[in-house]
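The values are calculated or read from the model by the stated rules, or taken from the named source; none is laboratory data. As the structure is a prediction and not an experimental result, all values here were calculated from the model. All Cβ positions, glycine included, derive from the backbone under ideal geometry; neighbour counts span all protein chains shown.
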Ligand code: GRF
């Protein structure tokens with residue numbers, strides 16, 4: 001169990017069921033991730049993950065993207081909510097809106113995303129279907145820093161998982177989701193508590209760990 005310093009405040013942005021949000025909540029409760037969720041933000045009031053957040057007593061906010069005239073004003077509203085909640089790191093967890101330059105320019109702290117493939121293979125939608133269709137024998141999970149390019153930012157952590165000949169899109173998605181739930185809290189902890197820097201597009205962690 002990690003103790004001591006005040007936990008850094010993170011936000012989790014969701015659009016749907018929120019199983020990664022739940023994994024993050026559990027990792028914090030188990031002491032595997034030293035952080036406090038200061039905001040769960042959804043772009044859809046029906047996002048199932050909002051129920052997990054409320055059940056855990058976390059602050060939530062809904063910003064329906066359709067209420068904004070354009071992406072820039074939506075991005076600015078997100079940035080303002082993050083800044084008001086004193087957020088130090090953002091985790092996109094099934095957040096189905098592109099993050100634009102207005103958010104990155106306003107909120108000048110790291111934003112992470114998790115993607116169910118070994119990027120740069122299979123970016124975009126339906127990564128698991130793309131992997132099965134392509135016939136790869138190995139796929140996996142990537143946590144990366146968010147840039148304006150979709151699924152293209154510097155990679156923080158990746159973990160591989162086998163693709164079986166018998167896999168369907170759903171069975172592969174289920175296997176990868178279990179890996180996501182392990183990897184995302186680990187990656188968040190690394191970014192928050194290890195010293196790192198960007199060298200070109202490579203995230204370099206210095207050893208030994210700072211804490
Ligand atoms: C996950 O597969 C994640 O990698 C992708 O969207 C899905 C979100 O699932 N970006 P959940 O809402 O966290 O259950």
Quiz item: Among the listed residues 84, 79, which satisfies the condition of being more than 14 Å from the ligand (Cβ to nearest atom), closer than 19 Å to residue 36 by Cα, out of contact with any helix residue (DSSP H, G or I) (no Cβ under 8 Å at 6 or more places or on another chain) and modelled with pLDDT of 95 or more?
Solution: 84
Quiz prompt | Verdict on residue 203 being crowded, with 18+ Cβ neighbours inside 10 Å, closer than 24 Å to residue 7 by Cβ and touching a strand residue (DSSP E or B) at 6+ places or on another chain (Cβ under 7 Å) | solution = yes
Quiz item: Of all the residues that make up the range 19-47, how many are within 13 Å of the ligand (Cβ to nearest atom) and either in a helix (DSSP H, G or I) or in contact with a strand residue (DSSP E or B) (Cβ under 8 Å, 6 or more places away or on another chain) (or both)?
Solution: 13
Quiz item: Restricting to the range 48-76, what's the tally of residues that are in contact with a helix residue (DSSP H, G or I) (Cβ under 6 Å, 6 or more places away or on another chain) and either within 16 Å of the ligand (Cβ to nearest atom) or in a loop (DSSP other than H, G, I, E, B) (or both)?
Solution: 6
Exercise. Check residue 6 against each of (1) over 15 Å from residue 91 (Cβ atoms); (2) away from the ligand (no atom under 13 Å from the Cβ); (3) crowded, with 20+ Cβ neighbours inside 10 Å and name the one condition it does not meet.
Key: (3)
Quiz item: Looking at the range 64-85, which of the residues that are in contact with a strand residue (DSSP E or B) (Cβ under 9 Å, 6 or more places away or on another chain) and crowded, with 19+ Cβ neighbours inside 10 Å is nearest to residue 102 (Cα to Cα)?
Solution: 78
Exercise. Take the range 168-184 and flag every residue that is within 12 Å of the ligand (Cβ to nearest atom) and under 19 Å from residue 21 (Cα atoms).
Key: 173, 174, 175, 176, 177, 178, 179, 180, 181, 183, 184
Quiz item: Only one residue in 135, 94, 124, 140 is within 12 Å of the ligand (Cβ to nearest atom) and more than 20 Å from residue 14 (Cα to Cα), so which one is that?
Solution: 140
Practice problem: Scan the range 132-179 residue by residue and report those that are in a loop (DSSP other than H, G, I, E, B), surrounded by 14 or more Cβ atoms within 10 Å (Cβ to Cβ) and without any contact (Cβ under 8 Å) to a residue 40 or more places away in the chain. | Solution: 136, 151, 152, 163, 167
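Conditions (1) in contact (Cβ under 8 Å) with a residue 40 or more places away in the chain; (2) over 30 Å from residue 175 (Cα atoms), marked per residue:
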site	(1), (2)
46	no, no
63	no, yes
75	no, yes
91	yes, no
116	yes, no
122	no, no
